[in-house]
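Q: My questions all concern the structure below.
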Amino acid sequence: MKVFINKRIPEIGLQMLNEAGLDLTIPENQNLSPEEWLRYCQDADAILNVGQNKYDQSFFESCPNVKAIALFSVGFDAVNIDEANKRNIPVGNTPDVLSRATSDIAFLLMQSVARRASFNFEKVKAGEWGDFDPLHALGQELYGKTLGVFGLGRIGFEMAEKSKKAFDMNIIYHNRSHNEEAEKELGAKYVSFEELVSQSDVLSIHASFTQEHADLFNQAVFEKMKPNAIFVNTARGGFHNQTDLYNALIEKKIWGAGLDVTNPEPILHDDPILGLSNVCVLPHIGSATVEARNGMAKFAAENLIAFSKGEKMPHCANPEVYQ
């Protein structure tokens, strides 16, 4: 089976695929143009995808030979699942293995924004330590505050657990369904979306992104948040309207924002939000640990190896194709 991998993945995954006898194609150029990427896909039986390449109706029509897709991510919003299902194409992902690493970044962003850490670090690097000023660039403490989680799955649970143990934060959340584990172990309280927005001192997004969520966090939502609120997004940039977020920050509608994902992504180098002292932006590094990336490579390889044997992918985003 011919497998196209658009970027190199950790060696553990490549070793598994090679030992399974799969025919791997990995281009030397790691930054393919859309046209180059599509040509490689057209010659493959299966794809191991790294990044946010789009798998829409046009792609599937252009690549009729593709029979399986293994994503190097937990999110699968880049794939039109309906189109994949029509063609009986399983789509693998990498759930759970990056939950701790991604929640670590959300936890880091929350603290960095609360204490204006990245802003003060930039001052030190610029030689602007300055004299002691009791009123300059003050942060806020998180002890006993309320963490609101939008999408309390595994990553959201890890974030909530860290916040509960470190700062004794109260946990509220909004999901499509109740998370009984979080309610029992963390005392988490299910609330409406409106209550989540208005009651959170920190609002952290951990939901799976779909088009219905596009720009969900916009001017109208930011205006309903607390003036001391910190907005954290480590899920997908599409959740928030970045212009509205910037305006909310400069108008002091909210306290600050910590972003591991942006809208657009990558963020433009001259985006004015980067100049704010109450913002910390990271380049989508939620899963960027040796442990998480090795786990992702292993899961992606397991999905393709199982498919090559005519078996069900063990980590499948659209298990309905097997019914």
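Every number in this text was worked out from the coordinates using simple rules, so none of it is lab data. No experiment lies behind these values; they were computed from the predicted model shown. A quick note on method: Cβ atoms are made from the backbone with ideal geometry, for glycine too, and the neighbour counts reach across all protein chains shown.
Q: Report the extension gain between Leu274 and Phe132 in nm, rounded to one decimal, defined as 0.36 nm multiplied by the number of residues separating them, less their alpha carbon distance.
A: On the way: separation 142, 0.36 × 142 = 51.12 nm, distance 2.53 nm.
Extra length available between Leu274 and Phe132 comes to 48.6 nm.
Q: Quote the charge dipole size of segment 99-281 about the Cα centre in Debye, to the nearest 20; the model charges only the Cβ of Lys and Arg (+1) and of Asp and Glu (-1).
A: Values: 18 positive and 25 negative charges, 63 e Å.
Using only the charged Cβ atoms, the result is roughly 300 debye.
Q: While we're here: Across the chain, where is the longest run that never hits chymotrypsin sites (Phe, Trp or Tyr not before Pro) in a DSSP loop with at most 15 other C-beta atoms within 10 Å? Don't skip to the end; give the middle numbers.
A: Details: sites that count: Trp129, Phe132, Tyr143.
Counting at most 15 other Cβ atoms within 10 Å as exposed, the longest clean stretch of the chain is 144-323.
Q: Which value in deg cm²/dmol, rounded to the nearest 500, describes the helix-derived mean residue ellipticity at 222 nm for the chain, given -39,500 (n - 2.57) per DSSP H run of n ≥ 4 and division by the residue count?
A: On the way: 12 runs with 115 residues, N = 323.
About -10500 deg cm²/dmol.
Q: When only C-alpha pairs under 8 Å and at least 6 residues apart count, what is the relative contact order of the chain, in percent? Mind dumping the intermediate values first?
A: Numbers: 609 pairs, mean separation 67.1, N = 323.
Reported as a whole number, the value is 21 percent.
Q: Follow-up. Among Ser33, Met159, Pro10, pick out the residue whose Cα is farthest towards the positive end of the charge dipole of the chain, where Lys and Arg carry +1 and Asp and Glu carry -1 on C-beta, about the Cα centre.
A: Result: Met159, furthest along the dipole toward the positive end.
Q: Please report, in debye to the nearest 20, how large the charge dipole of the chain is about its Cα centre when each Lys and Arg carries +1 at its beta carbon and each Asp and Glu carries -1 there. Can you show the working numbers first?
A: On the way: 30 positive and 43 negative charges, 83 e Å.
Result for the chain is approximately 400 debye, rounded to the nearest 20.
Q: What fraction of the DSSP beta bridges in the chain is antiparallel, stated in percent and rounded to the nearest 5?
A: Values: 1 of 37 bridges.
Of the beta bridges lying entirely in the chain, close to 5 percent run antiparallel.
Q: How about segment 231-261: which trypsin sites (Lys or Arg not before Pro) there lie in a loop by DSSP and see at most 12 other Cβ atoms within 10 Å? Display every interim value, and only then the final one.
A: Numbers: sites: Arg236, Lys252, Lys253; in loops: Arg236, Lys252, Lys253.
Passing both the DSSP loop test and the Cβ count: Lys252.
Q: Whole angstrom only: what separates the Cα centroid of segment 6-61 from the Cα centroid of segment 93-113?
A: Taking the Cα centre of each part, segment 6-61 and segment 93-113 sit 26 Å apart.
Q: While we're looking at this one, here's another question. Please identify every one of the GluC sites (Glu not before Pro) in segment 1-48 that sits in a loop by DSSP and has no more than 13 other beta carbons within 10 Å of its own beta carbon.
A: Details: sites: Glu11, Glu19, Glu28, Glu35, Glu36; in loops: Glu28.
Here the sparse-neighbourhood loop sites are Glu28.
Q: Which is farthest toward the positive dipole end of the chain among Ser62, Ala114, Gly127, measuring Cα position about the Cα centre, with Cβ charges +1 (Lys, Arg) and -1 (Asp, Glu)?
A: The listed residue farthest towards the positive side: Ala114.
Q: Just from the alpha-carbon atoms, what are the Rg and Dmax of the chain in angstroms?
A: In Å, with Rg to one decimal and Dmax whole: 21.3, 68.
Q: Go through segment 127-185 and name the trypsin sites (Lys or Arg not before Pro) that are in a DSSP coil and have 13 or fewer other Cβ atoms within 10 Å of their Cβ.
A: On the way: sites: Lys145, Arg154, Lys162, Lys164, Lys165, Arg176, Lys184; in loops: Lys145, Arg176.
Loop-located and lightly packed - Arg176.
Q: Show me, for segment 133-147, the HN-Hα J-couplings you get by feeding each phi into the Karplus relation (A = 6.51, B = -1.76, C = 1.60, θ = phi - 60°), rounded to Hz, glycine and proline as x.
A: 10, x, 10, 8, 6, 6, x, 9, 8, 9, 4, x, 6, 9, 9
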